[in-house]
Structures are given as C-alpha cells and as structure tokens.
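Colleague: Can you keep this structure in mind? I'll have questions shortly.
The values are calculated or read from the model by the stated rules, or taken from the named source; none is laboratory data. Owing to the predicted nature of the structure, the values given are computational and were not obtained by experimental measurement. FYI the Cβ positions are ideal-geometry reconstructions off the backbone, even for glycines, and counts take in every protein chain you see. Each accessible area value is taken on the protein alone, full model and side chains, heavy atoms only, with ligands, DNA and RNA left out. Shrake-Rupley method; radii C 1.70, N 1.55, O 1.52, S 1.80 Å.
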Amino acid sequence: MQIDRRLMLAGGLAAVAATALARPAFAQAPAASGPFRLDPLPYPADALVPHIDARTMELHHGRHHQAYVNNLNAALKDHGTVAAMPLHDILAKLGELPEAIRTAVRNNGGGHANHTMFWQVMGPPAAAGAGAAPAGALAEAIQRDLGGLDKLKADFNAAGGRVFGSGWVFVTVDRSGKLALESKPNQDTPLMDGKRALFGNDVWEHAYYLTYQNRRPDYLAAWWNVVNWGKVGERYAAATAGTLTI
C-alpha cells in the first residue's frame, strides 16, 4: 500500500512540534512584566551539592520563585501606587492594601522576599564563609541572644520540624542587633510584622523533597553546611545600620 505523502508530511510536522514543545522540567518559567524581577542565583545550581541537589535548585529558583515574581507583578498591574513601593514597605503595610490584592501580595510578595533572602545566605560548602562559624559581632549576638551556635542549630531545627505543612523558620534581627527565633506558615515573613529576617530556611517540600523525601529533619541538619556566615554577617551589619531591606 502506498503511503499518502500528505500523511507523512503531517506526521513529520507533528513530530517536530512535539520535539519543540518538549522542554526540561527545570527550565525557567518566562518572566512577567512588572516592577519586580528574579535575580540570577549568586552561584551555579550545583554549587550546594551534596546538601542540596542541582535539580532542586533549578526548580526552586527558576520555577517556584519565578512564579511568585510573576504572580506579584500580575496582582499589582492595576495598582501603580503600590507597585512603586519597595517590597519591604508593601509587606509591612499589608493590612492597608486593597482587599482585592491583599492575599495575592501576601503569598507572592512574601514568597519573593523570603526566597531573595534564602539564595543570599547560602553558598558552596568550600567557599570562604560558607559552612564556617559566625564571627565578630554576629557570633557575640548569637551567644548572647540564642545561647550559642550549637543551641541555635538545635532550636532552629526543632522549630523547622514543628512547622505543620509548609513554611519557614527564621532568625530575626532588630535595629539594636537583638536576635530571635521564629517560624512562619506558608510564605509569611517577619517583614509583615515590621521585622527583618537575618536568615532563614525554607521548609516547603519543594526545597528538599527530591533528595530527602519526607525526611525534613535530615534536610534541616544538612542545610547548615551551606550557610554562608560571611553573608549573614554582612546582613547583620546592615540590620544594625538600618539598611537591611529584605
């Protein structure tokens, strides 16, 4: 039986289309227009291996974080006055926002702020400052307010383990340099209470599930290997100087 050339052509075009549409699951989501944008990771996606795998970083940054940015821009597209405000001010004044956008800004603005902080406070285990102990004024504050680094880690991990479902665990800092430990549900952030997050860890499953599955305590323990104490120290200095935003 002779095959119809038109059927062959149609089949070939379909195959080409299918190939063009097939993209890796971790490809970055397209950016939406608006005042907020997603900055590149400050290190390669595989820089935190073996503690956080590259595919998780690609999905977490390029898909999840990009979606928060896109949704925040979409929520603010008809609210130019709010869109012109810095993100930390928007979140601090969440209760004053129009009710129609309040939930979207809470979820997506919080997600954008939390993740922007999250990428900054991590680094390759071998990099200067990452995985090492805190120093200087930061180390003094941890000893004074949180009982020292070992106690901080134990209390922080316990708080992260107690988060029901999805959320974050933070060390907050005020203008005087005083530190405190707190957890938040979903994408809520200390910025909503007029505070600043010195650093924090994401305990949503998308942050760890590919490597750790349901073993959140293992993820929390391993995460300290990629904390960049040099960067956290810079954030502490900025907080006491009144210049830390998110």
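Colleague: Per residue and in cubic angstrom, what volume does the convex hull of the Cα atoms of segment 25-164 have?
Modeller: Here the figure is 157 Å³ per residue.
Colleague: Taking only the alpha carbons of segment 143-192, what extent do you get along each of the three principal axes, in Å, biggest first?
Modeller: Answer, in whole Å and largest first: 31, 24, 8 Å.
Colleague: With all protein chains present and a 1.4 Å probe, how do Glu58, Glu234 order by accessible area, largest first?
Modeller: These residues rank, largest area first, as Glu234, Glu58.
Colleague: Moving on. For Met122, enumerate residues with amide H under 5 Å from its amide H, sequence gap 5+ or separate chain, H modeled in the peptide plane.
Modeller: Under 5 Å from the amide H of Met122: Asn228.
Colleague: Can you give the FRET efficiency for Asn225 and Thr245, using 1/(1 + (r/R0)^6), R0 = 25 Å, r = Cβ-Cβ distance, to the nearest 0.05? Working shown, then result.
Modeller: Values: r = 27 Å, r/R0 = 1.09.
With R0 = 25 Å, the Cβ-Cβ based efficiency is 0.35.
Colleague: Determine the order of Lys231, Lys77 by accessible area, beginning with the largest, at a probe radius of 1.4 Å.
Modeller: Largest to smallest exposure gives the sequence Lys77, Lys231.
Colleague: Measure off 7 Å from each Cα along the Cα-to-Cβ vector at Ala139 and Glu205, then give the distance between these two points in nanometres to one decimal.
Modeller: With each label placed 7 Å out from Cα toward Cβ, I get 4.1 nm.
Colleague: Within the set of other residues whose C-beta is less than 14 Å from the C-beta of Leu220, count the net charge using Lys and Arg as +1 and Asp and Glu as -1.
Modeller: 0
Colleague: Sticking with this one: Convex hull volume of the Cα atoms in segment 110-246, per residue, in Å³?
Modeller: Convex hull volume per residue, Cα atoms: 96 Å³.
Colleague: Tell me the net charge near Thr172. Cut-off is 14 Å between Cβ atoms, Thr172 excluded, with +1 for each Lys or Arg and -1 for each Asp or Glu.
Modeller: Around Thr172, the surrounding residues sum to 0.
Colleague: Taking 0.36 nm per intervening residue step and subtracting the Cα-Cα distance, what contour gain separates Ala54 from Arg215 on full extension? Don't skip to the end; give the middle numbers.
Modeller: Values: separation 161, 0.36 × 161 = 57.96 nm, distance 1.83 nm.
Extra length available between Ala54 and Arg215 comes to 56.1 nm.
Colleague: Ok, one more. Straight-line reach from Lys178: which lysines fall under 30 Å, measuring Cα to Cα and dropping same-chain residues less than 8 apart?
Modeller: Straight-distance partners of Lys178: Lys93, Lys151, Lys153, Lys195, Lys231.
Colleague: Still on this structure, I have one more. What part of the accessible area of segment 190-235, given as a whole %, is carbon or sulfur when the probe is 1.4 angstrom?
Modeller: Values: 820 of 1750 Å².
Looking at segment 190-235 in its full context, I get 47 percent from C and S.
Colleague: Convert each backbone phi in segment 54-62 into a coupling constant with the Karplus relation 6.51 cos²θ - 1.76 cosθ + 1.60 (shift: θ = phi - 60°), then list the ³J(HN,Hα) values in order as whole Hz, x for Gly and Pro.
Modeller: 5, 5, 4, 5, 5, 5, 5, 7, x
Colleague: First select every other residue whose beta carbon is under 10 angstrom from the beta carbon of Tyr209; then total the charges, Lys and Arg +1, Asp and Glu -1.
Modeller: Values: positive: Arg215, Arg216; negative: Glu205.
Net local charge, Tyr209 excluded: +1.
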